[in-house]
Every structure is written in structure tokens, then in C-alpha cells.
1. Could you sort 138-147, 328-337 so that the peptide with the highest average Cβ count within 10 Å comes first and the rest follow in order?
2. What does the charge dipole of the stretch 42-152 about its Cα centre add up to, to the nearest 20 debye, if the Cβ of each Lys and Arg holds +1 and the Cβ of each Asp and Glu holds -1?
3. With springs only between Cα atoms under 10 Å, which of His19, His46, His416 fluctuates most in a Gaussian network model of the chain?
4. Along Cα→Cβ, 7 Å out, is where each label goes; now give me the distance between the ones at Cys378 and Glu179 in nm to one decimal.
5. Relative to the longest principal Cα axis of the chain, at what angle does helix 215-224 sit, 0 to 90 degrees, rounded to 10?
6. Starting from the Cα of Lys223, draw a straight line to each of the aspartates and glutamates and keep only those under 13 Å, dropping any in the same chain fewer than 8 residues away.
7. Test of the criteria: in the stretch 1-52, which GluC sites (Glu not before Pro) are in a DSSP loop and have at most 16 other Cβ atoms within 10 angstrom of their Cβ?
8. Taking the highest mean first, how do the peptides 117-126, 275-284 order by number of other beta carbon atoms within 10 angstrom per residue?
Amino acid sequence: MNIEDLVIEDPERRIFRVHRSVMTSPEIFALERERIFDRNWLYIGHESEIENPGDYRRREVGGRPLIFIRGKDGVVRVFHNTCTHWGAKVCRLDQGNAASFQCFYHAWTFNNVGQLIAIPDAGGYPQDFNRPELALKSPPRVDNYRGLYFVSFNPAIEPLPDYLAGAKDYIDLILDQSEAGMRVVAGTQLYTVRANWKLMATNSLDTYHAPPLHTTYFSYMAKFKGLDYEAETNASAMRAGGHGRSLRNGHGTSESAPGGLARPIAHWHPMFGDAAKPEITRIRARIFERFSAERAQMMCDTFRLFLIYPNFVFHDIMAITIRYFEPVGPDAVRLTVYALAPKDESKDQLELRLNNFVSFLGPGGFAHPDDLEAIESCQDAFRSQEVEWSDFSKGMNRDPEVMDELPMRAFWRQWHAQMLGHERANQFDDPRSVEHGAAAGGK
Ligand SMILES: [Fe+2]
């Protein structure tokens, strides 16, 4: 099938379809590596994960084994995790603190700023053997936005802030929640999912599935927390209102109307108990002092899922979680999830946050396993090749709400444009103008 025909959009007839071969084909997967993962900015980690000189995290990004490290000079760098001699991985632990890395193959040794500092039997090389050139290699572009680090294997890529486009304001919305700054909470959840990475991307933006799929969670809330399912867990409020937004360049968000699911950041809810009320009330008041009423309400009373194209997601909902996913084949993806919390958060408040996080999203949580089951089910069912299309048209007939599929369409448009060799989608990229205009016509 022609790449041109893999995504079909017809705003007049409210049609938006994606050909399912994009989730199964090895050829498409190989082309994605080249046109998506080798071309965009890809998230690697947060500065708080490597707070001290020598701290490092081993990461797999865009199909490359990398080391995300803070050097003895305090500078954050990214290195390819491969010895410049014959290629073995110089770092074989997931995380730690190191002054140097010694390759286990021939014992070439590199310090934590990447310089080659020792070679056994150095007499086997000439005096002027070029040690600087044999330092650990970095990806061509590494940059950060407010402590969130990204790498790109595309030397010509636009600057990170331009790439982030409308997503920047949403990152601010999260990072501004604490004056002391945010940190990644120790403890990472890792999953290998038998599904295409784009199923993970679209699931991560979707709330339409929450009431039918996450019934266990909602009934747990109702039964064990003594809450009224409809009124307190707000399943019906989630169904209506809010909006979907393209943030340009493939980034997008689904946002609730005020009064969505309870969140321990600044919105007290009976499930958090009376003891937590004073602190939550204080945090809330401070946010309202620091920001406009509209902004503060967004931070305290609404939730959002947002995706930074192609593979990095914030869930600013019951807790703030970061998830990023690394495709390993057309039908397999590795997912990493961790929580972000204010640096100055009290122990009790942090505990509430993490309980909220793992009870919904953890590997043993009441909801996240449903999501994995659902996307693996899609992937498995794609074996019925005769059923060719998936539908992403929800909300094209109205001003798209939180449970509509506008941000997924923004994702697919960018994906399709890049697969066709363009830098970015321009058609319908701004929902405020074109897609919304088209929708308004249908009202
Ligand atoms: Fe879900």
C-alpha cells in the first residue's frame, strides 16, 4: 500500500481513518525509525534523576543505547553507550554514580565527561595516538527545556523550544506547580507491551475508554472509598465538556472541564481524608496567589493527558506521571513510567500522591493493566487483515471535547506527513482555526 493512502482524512464527510498495516508492517516500522525516530527530538530524562556529579542513568532512546550523565564538572551530557575501541557497552548498570567507565572487553577507560583516560598496553599505540577523538560520542543534538532533557539524531533539527511549540505552555503548567521545583520520585515502572508504539501513544491521550474499560477502578472507588460512583468519581463529568487540542507539531492534549477526577496536588477530595485538608488548602491558595484565576484553576481543578510527539507523555491527573515508550518492533514497545512531585512536598502529601498513582496506574493498579490488555487485544486482532481501518473521527462533528479524538488526529497527521518525508503536517494543524471551523459548520 502507498504511504499516501495510509491515513485518510475527509473533513467534509467527517472521516478520519488509519490503515491498520501501520501497526503491523515491518517495512513501515523500518521507515518510522528513519523518518520519525531519527528526525525528531526524543525525551531522555529529567535533570533530577542525575542530581550529583557522576550520577547516570542508562537509557534506550530511538533504538540507541545511551548514557544520560552529569559529569564531574556538573554538566549534563548524553553518550552513546559503546566503547570507541571495538564497541562493547561501557556502562552495564541501569543507574548509579561513577567517576569512570571501564569497558569490560579490553578495559579502555573513560571518565564521566567522556574522555578516554586509560588504555592497557598503551605502548601498542603510537605516541600521538588520538585520544581526544576516541572520547565517548554524543548524539548530534542534546538540549533541555526546564530540566527535561531531549536528544536528537538529526543535526539539522529546529531548536527544542520551537519543536515543543504549544506543548511548552503545558510543560510550564506542570512545572510551575511548585516553587521549589519538581523532581522524579525514585522508583520506575517498566513494561514490555505486545503492541505497536502508536497504540500506546493514542491510548495515552484517550479518556473515551475510561468509563467502559476501567470499571474495576470506578467500582473500587465506589465500594471501598464509600463514594458515589457517578457523583464523586465524576465519570459522568468526564464524559462531557473539556476539550481536545492540537499543540502543533504532532503534540496534543485532552483536558477535562473543572471538576474532573480528584487530584492530591491542590484539590481536596474526601478520599484523601480530613488530615490532608489543611495542606491541600494551603497549596491551592498559594497557586491562586501566584497565577491568574484561570491559570490556577487549570492547575488545580482540571486534569489533562498530553503527548509530546512522538513518544513522551505527561499524565497530569491523579498524580503527575511521565511515560515514554521505545518501540522495539512493529508489535512490541517498552514503556517506562515514573512520577514527578514537588521537591518540597511533605511526606504525607507525597504518600497520598504515590498511592493515588499506583492504585490507578501501577503495574498492579486498578486501571493501567486494562489499558495494556486493550492495546494488546487490538494488536492481536490486527491479524484479521481483511478489516483494514481504524477510526479516529470522534468529535469531528463538534467542537471537540475531552473524550473526542482531536489530539489523536493531530498525532496521526504529523506521523503521516513525516512518513511522506515532510518535516511537519500543516493541514488542519491548528484546531482553533481549521478543524474547529469545519466542526462549527456541522453544528
Ligand atoms: Fe486507560
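1. The densest-packed peptide leads the list: 328-337, 138-147.
2. Rounded to the nearest 20 debye, it is 220 debye.
3. Result: His19 has the largest fluctuation of those listed.
4. 4.3 nm
5. Helix 215-224 sits roughly 70 degrees off the main axis of the chain.
6. Glu232
7. Values: sites: Glu4, Glu9, Glu12, Glu27, Glu32, Glu34, Glu47, Glu49, Glu51; in loops: Glu12, Glu51.
The qualifying sites are Glu12, Glu51.
8. 275-284, 117-126
Every number here is computed from the coordinates shown, using simple stated rules; none is lab data. Keep in mind the model is a prediction, meaning the values are calculated, not measured. When we count neighbours, we look across all protein chains shown, and the Cβ atoms used for this are built from the backbone with ideal geometry, even at glycine.
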